[in-house]
Amino acid sequence: MGAFKWSTALTAAINNNKITDLGGQVLNTNEINAAISGQPIGVFYLPEYAGVNPANGDATYYLNTVDANGNVDRTTTNDINLAQKNFCW
């Protein structure tokens, strides 16, 4: 038998990208990803998860609505349709 030989090669790459202009639009590419100006392609665009309601086990989400003064409503709801979508990594 011949002598044992081992060789290893590693290759790595990073692709950084950013959408520069969509004319103010947010393009939903599917239910959870979106194209948003200033963000990488395909960022997650979801309601912000706030945890589980310990009383009943329901998932809760932050409303994240913004009033005329720019104040964000951080109260929670168990209705995912009432929560505003935000981009996240």
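Taken together, the values in this text are just the output of simple stated rules run on the coordinates, not laboratory data. Since the structure is predicted, the reported quantities are computational estimates derived from the model, not experimental observations. Heads up, the Cβs are rebuilt from the backbone with ideal geometry, glycines too, and the neighbour counts pull from every protein chain shown.
Here are some notes:
- Remark: relative contact order (the chain) = 20 percent; criterion is Cα-Cα distance under 8 angstrom and separation of 6 or more residues.
- Between ALA68, ALA12, ALA34, the Gaussian network model of the chain with springs among Cα atoms under 10 angstrom shows the greatest mean-square fluctuation at ALA12.
- Lys/Arg +1, Asp/Glu -1 at C-beta; the stretch 26-88 dipole; positive extreme among TYR45, ASN56, ILE80: TYR45
- Evaluated with a Cβ-only charge set (Lys, Arg +1; Asp, Glu -1), the stretch 26-88 carries a dipole of roughly 140 debye about its Cα centre, given to the nearest 20.
- Restricting the stretch 2-89 to trypsin sites (Lys or Arg not before Pro) in coil, as DSSP defines it, with at most 13 other Cβ within 10 Å: LYS5, LYS18, ARG74
- Convex hull volume of the C-alpha atoms in the chain, normalised per residue: 216 Å³.
- Top of ASN56, ASN28, ASN17 by mean-square fluctuation, Gaussian network on the chain, Cα under 10 Å: ASN56
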